[in-house]
Amino acid sequence: MCGIIGIVGTSDVGPRLLESLRRLEYRGYDSAGIAGVTSSGLARRRAPGKIRALEEVDAADPLKAAVGIGHTRWATHGPPTEANAHPHRAGRVMLVHNGIIENYAELKAELAARGRAFESDTDTEVVAALLDETLETEADPVKAFQSVVGRLHGAYSLAVLVDGHPDLMLGARRGSPLVVGWGDGEMFLGSDALAVGPFTQRITYLEDGDSVVIDHASARIFDEANRPVERPMVTVPASAALVEKGNYRHFMEKEIHEQPESCQRTLSAFANPVSGQTTVPGGLNFAEVERIQIIACGTAFYAGEIGRYAFEKLAGLPCDVEVASEFRYRQPALTKGTLALAVSQSGETADTLAGLTWCKAQGFKTACLVNVHTSSMAREAEIVWPTWAGPEIGVASTKAFTAQVSALLALAVAAARQRGRIDAAEETRLVARLFEAPGLIAQAVADHSEAMTAVAHDLAGARDVLFLGRGAMFPLAMEGALKLKEISYIHAEGYAAGELKHGPIALIDEATPVVVLAPPDEVFEKTVSNVQEVAARGAEVILITSQDAKVPHAPGLRRIVAPDCDPFIAPLVYAVPVQLLAYLTAVQKGTDVDQPRNLAKSVTVE
């Protein structure tokens, strides 16, 4: 959610701030702004809407500054107006902020009682006002800033300019990521490595509770107690090609097509196709694990549900999956021997990170499955299981999802072998099936058939769509429904097909298309029975199944062919037509596929 860039440079930084903000569009936003230290003091340019609106404002009156900050805002406190857009100013302070200040109302009332007036509805302006007031009695901007940060409750990352200190930038983070970038004669602050990626690949990740002071050549970092600390510098490869659409119309389309490679790379971290053996990064022995507790949100939650089917069926290992936003607050009764596994693309999802931290504090073994290997979760967990999807820019996750499922399926095979549930021969067979998946995914991606385009055309006119599946296809049905509603704004729900008669069948009529995921597996016949129940009530049925599957003859039934595959890897292969169906429907409707309304790529507040 939201994006931050800060540059302490030696020449005009305005164009570079705008370039970085364009890189941060994938995070989701509804207003943007830049600010800098000009020859006449602090100045800013802001605009609601997309970056192009900000570019028009800046073109009319260019920001001329060698030191500056920029921000893309996703509205939390107050609507997306220019007054609520960042950067916010109070007297001699200009700042940008990601996150939520939970005690802002208390602080605002305190400041108002002392005569402070406010121009916006935001919690962010309160921080600027509090720092400006503190500077009246504490001349040292570093000490003043640290004093203010000590009073803030909630999740935040901050980048701050102070008038009268033209070569200085202040930063702090708690619960929301912030990185320092090291250049040659200039320094950077950013909400992630991609923010500073156009300028440097030398990165320092701030730890939770850290504050930082940067100038043209250095960064002084302090811990939560304001003691000087050293944080390592790492080199992060960030090829510009990875964040460009190339010949694709949308990032989402590009990322759907990248799935064969991302799954292949991820599988190779957990299994060897030559030896047929699995490996568990971090050295965990699943024979010592009594239960797995998966914590995740959104698409990662559905990946975890698919993993649950595999862990329990193959390894006989009890596995629970819970939405992270509910997990901590119900006081979960975990048992000794539980492995807490956080699943996240960004590794910064606030609720998931909080759940992981809670489990660690309770003394449970912790692991994370993340695509950003230097993220907060990767630093918090004892064991890091990497996915190798590469940067995912589209808000609606595609390749990160299939990378997560690839890793979870491979880990389930490893767990089954370590727990003695399968022998070496079966391990080899399952590993071979896993490495068939990238080729089958490529086959599915290549099938932009007329049938699918025609179905998408019809779905674009629907108000409601149901997705049905059994077994691991049930969570994939929920993921398919999520994809459709995320980017096309069509109401969609995913159900276990066997639950149809327990309520959802009341929704079935001629105006409600039903998408059924039905690989030819052990429950195929039961799924077909559900298809016939739906068709008998006049609904249009879109059946996703293999070419050779015995499909019932029913009025209104349309088939989308998926590549024939082993049922074990069906969640990977069938994910592609589900994604393409959502994508083509959204394109047909003309929605903003990569940046759907109200959504952010990385949700770093609760």
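The values are calculated or read from the model by the stated rules, or taken from the named source; none is laboratory data. This structure is a prediction, so every number in the text was calculated from the model and none was measured. Cβ: placed from backbone, ideal geometry, glycine included. Neighbour counts: every protein chain shown.
Filtered by the rule that a residue be at pLDDT 90 or above, exposed (fewer than 15 other Cβ atoms within 10 Å of the Cβ) and either in contact with a Phe, Trp or Tyr (Cβ under 9 Å, 6 or more places away or on another chain) or of a type in the set (A, V, I, L, M, F, W, C) (or both), the stretch 230-247 gives P232, M233. Of a type outside the set (S, T, N, Q) and either on the phi > 0 side of the Ramachandran plot or in contact (Cβ under 8 Å) with a residue 60 or more places away in the chain (or both): does that describe G14? Criteria not met by G14.
Taking the criterion of being in contact with a strand residue (DSSP E or B) (Cβ under 6 Å, 6 or more places away or on another chain) and either on the phi > 0 side of the Ramachandran plot or part of a helix (DSSP H, G or I) (or both), the residues of the stretch 497-526 that qualify are A497, P504. Every test in (1) closer than 19 Å to E258 by Cα; (2) modelled with pLDDT of 95 or more; (3) in contact with a Phe, Trp or Tyr (Cβ under 7 Å, 6 or more places away or on another chain) is passed by I393 save one, and that test is (2).
Of the residues that make up the stretch 343-353, is at least one acidic (D, E) and in a helix (DSSP H, G or I)? For the stretch 343-353, residues acidic (D, E) and in a helix (DSSP H, G or I): present. Here the condition is being under 27 Å from V8 (Cα atoms), in contact with a strand residue (DSSP E or B) (Cβ under 7 Å, 6 or more places away or on another chain) and surrounded by fewer than 16 Cβ atoms within 10 Å (Cβ to Cβ); of D132, D163, D167, it holds for D167 alone. Scanning the stretch 66-107 for residues that are in contact with a Phe, Trp or Tyr (Cβ under 7 Å, 6 or more places away or on another chain) and outside any loop (DSSP other than H, G, I, E, B) yields T72, R73, H97, N98, G99, I101. When you check T38 against the structure, is it hydroxyl-bearing (S, T, Y), in the same structural domain as A90 (by TED's automatic domain parsing), in contact with a Leu (Cβ under 8 Å, 6 or more places away or on another chain) and closer than 18 Å to L168 by Cα, yes or no? Yes; evaluated as a whole, the condition is true for this residue.
For E136, the test of being more than 19 Å from N98 (Cα to Cα), in a helix (DSSP H, G or I) and assigned by TED's automatic domain parsing to the domain that holds L168 is failed. Scanning the stretch 352-365 for residues that are surrounded by fewer than 22 Cβ atoms within 10 Å (Cβ to Cβ) and of a type outside the set (K, R), we see that the one that is nearest to the chain's Cα centre (by Cα) is A354. Of all residues in the stretch 170-192, those satisfying the criterion of being buried (at least 20 other Cβ atoms within 10 Å of the Cβ), farther than 19 Å from V93 by Cβ and either in contact with a Pro (Cβ under 9 Å, 6 or more places away or on another chain) or at pLDDT 90 or above (or both) are V179, V180, G181, W182, E186, M187, F188, G190, S191, D192.
Which residue is surrounded by the fewest Cβ atoms within 10 Å (Cβ to Cβ), if the candidates are limited to the stretch 537-568 and must be of a type in the set (K, R) and assigned to a strand (DSSP E or B)? Going through the qualifying residues, I end up with R558.
Cβ-Cβ contacts under 6 Å between residues 6 or more apart (or on different chains), taken from a first residue in the stretch 154-183 that is outside the structural domain of L353 (by TED's automatic domain parsing) and on the phi > 0 side of the Ramachandran plot to a second residue that is modelled with pLDDT under 95 and assigned to a loop (DSSP other than H, G, I, E, B), are listed as G154/E102.
Can you say whether A477 is at pLDDT below 95, small (G, A, S) and surrounded by 18 or more Cβ atoms within 10 Å (Cβ to Cβ), as far as the supplied structure shows? Considered against the rule, which asks whether it is at pLDDT below 95, small (G, A, S) and surrounded by 18 or more Cβ atoms within 10 Å (Cβ to Cβ), A477 comes out as no. Note on the stretch 270-310: residues that are assigned to a helix (DSSP H, G or I) and under 16 Å from A381 (Cα atoms) total 0. Being farther than 30 Å from E258 by Cβ, of a type outside the set (A, V, I, L, M, F, W, C) and outside any loop (DSSP other than H, G, I, E, B) is the filter here; which residues of the stretch 420-439 pass it? Hit for the stretch 420-439 is E426, nothing else.
What's the total number of residues in the stretch 271-305 that are closer than 16 Å to A342 by Cβ and not charged (D, E, K, R)? Selection size over the stretch 271-305: 17. A single member of E186, E207 is more than 28 Å from the chain's Cα centre (by Cα) and farther than 15 Å from T235 by Cα, and it is E186. One residue alone among L430, L476 is assigned by TED's automatic domain parsing to the domain that holds G276 and under 28 Å from L284 (Cβ atoms), and that residue is L430.
Taking first residues from the stretch 496-514 that are charged (D, E, K, R) and partners that are modelled with pLDDT under 80, the Cβ contacts under 7 Å between residues at least 6 apart in sequence or on separate chains come to D509/R537; D509/G538; D509/A539; E510/G538; E510/A539.
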